[in-house]
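Here is the structure we will look at, set down as structure tokens.
The values are calculated or read from the model by the stated rules, or taken from the named source; none is laboratory data. Computed from a predicted structure; not experimentally measured. Here the Cβ positions follow ideal geometry from the backbone for every residue, glycine too, while neighbour counts run over all protein chains shown. Note: accessible area is taken over every heavy atom of the protein model, side chains too, but ligands, DNA and RNA are not part of it. Shrake-Rupley method; radii C 1.70, N 1.55, O 1.52, S 1.80 Å.
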Amino acid sequence: MIVTCDRPWLCADLGAPHRVLSWAVHNGGLIRAPAIWWREVRNADLPADLDVTPWLAREMAAHGGNDAVGLLTSRDIRAHALTRAEIEGVTVEALTTAGLSNAEAVGRRQDWAGMDWGTINIAVQVHAALTEPALFEALSIATEARTAAVIEAAIELPTGLATGTGTDCIAIAARETGPALPHAGLHTALGEAIGAAVREGVARCIAEWRIDIRRLRRLKAEGKPLD
């Protein structure tokens with residue numbers, strides 16, 4: 001994975017077209033894509049009457065990313081983490097950004113009308129081919145690792161401990177060629193590698209987000225401009 005960061009874009013070049021599974025705003029579902037991109041946004045970018053999906057499609061196309069999977073975040077994309085795990089010859093990389101300003105405890109929604117927004121976005125690259133069932137299973141392991149890292153952060157909400165945000169997105173990419181791994185569960189090297197890479201990346205990004213939130217709150221209290 002080759003990562004470039006040029007605000008408002010964060011790009012993960014996969015090196016070749018991969019099978020990518022996600023629920024991303026742009027090119028979500030199970031598709032063939034060479035890259036996974038983030039678009040950093042601010043409130044001014046997304047007025048209430050904006051149809052976000054075609055807007056992001058136009059933005060992606062204008063910057064040469066029409067074929068990439070596209071994610072949205074309000075997090076400063078400079079605060080990203082690239083993590084890697086290799087277990088028994090299976091290598092996984094994860095690129096993560098994380099903000100928890102709209103954190104939720106699964107199963108109990110809060111009213112976020114007029115409140116701040118944040119999200120956890122993760123791109124996972126598996127350096128192997130996967131069967132389609134294994135690809136779906138891999139996505140579930142990445143999601144479990146995300147949730148574990150958020151729970152470990154112990155962010156208390158009126159509805160319980162945060163387990164994620166209302167706008168999280170995960171994209172998992174696997175090679176198109178080579179022997180396909182049939183399974184990705186917690187008992188497999190692949191499942192362990194995905195879990196390790198994602199869990200570390202999310203934990204690192206949450207720690208950095210907490211530092212930034214404290215700094216921004218201090219600036220606001222002092223009446224200084226926020227960056």
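Quick rundown of the values:
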| read-out | value |
| --- | --- |
| Filter pass, I151 being free of Cβ contacts under 8 Å to residues at least 60 places away in the same chain and either surrounded by fewer than 22 Cβ atoms within 10 Å (Cβ to Cβ) or under 12 Å from I172 (Cβ atoms) (or both) | yes |
| Residue satisfying all of: in segment 182-217; in contact with a strand residue (DSSP E or B) (Cβ under 6 Å, 6 or more places away or on another chain) and open to solvent by 50 Å² or more (accessible area, probe 1.4 Å); nearest to V92 (Cα to Cα) among these | E192 |
| Test result for I120, closer than 15 Å to L21 by Cβ and surrounded by 21 or more Cβ atoms within 10 Å (Cβ to Cβ) | no |
| Check on T165, out of contact with any Pro (no Cβ under 8 Å at 6 or more places or on another chain), at pLDDT below 95, within 26 Å of A79 (Cα to Cα) and open to solvent by less than 30 Å² (accessible area, probe 1.4 Å) | yes |
| Test: S101 is open to solvent by less than 40 Å² (accessible area, probe 1.4 Å) and more than 19 Å from G15 (Cβ to Cβ) | yes |
| In segment 87-106, the residues that are part of a strand (DSSP E or B), over 12 Å from the mean Cα position of the chain (by Cα) and farther than 30 Å from A180 by Cα | A103, E104, A105 |
| Segment 168-181 - residue that is small (G, A, S) and modelled with pLDDT of 95 or more and, of those, surrounded by the fewest Cβ atoms within 10 Å (Cβ to Cβ) | A180 |
| Filter result for the condition that a residue is assigned to a helix (DSSP H, G or I) and in contact with a strand residue (DSSP E or B) (Cβ under 8 Å, 6 or more places away or on another chain), over I151, I77 | I151 |
| Residue that is modelled with the highest pLDDT [pool: residues in segment 53-90 that are open to solvent by 20 Å² or more (accessible area, probe 1.4 Å) and of a type in the set (S, T, Y)] | T53 |
| Restricting segment 7-23 to residues that are in contact (Cβ under 8 Å) with a residue 24 or more places away in the chain and farther than 13 Å from V124 by Cα, the residue that is surrounded by the most Cβ atoms within 10 Å (Cβ to Cβ) | L10 |
| Enumeration of residues in segment 218-227 that are basic (K, R) and either surrounded by 15 or more Cβ atoms within 10 Å (Cβ to Cβ) or at pLDDT below 70 (or both) | K220, K224 |
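To keep it simple, each residue is scored yes or no on (1) of a type in the set (F, W, Y); (2) under 14 Å from G191 (Cβ atoms); (3) at pLDDT 95 or above; (4) open to solvent by 10 Å² or more (accessible area, probe 1.4 Å).
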| residue | (1), (2), (3), (4) |
| --- | --- |
| V92 | no, yes, yes, no |
| L95 | no, no, yes, no |
| W112 | yes, no, no, yes |
| A134 | no, yes, yes, no |
| L139 | no, yes, yes, yes |
| A142 | no, yes, yes, no |
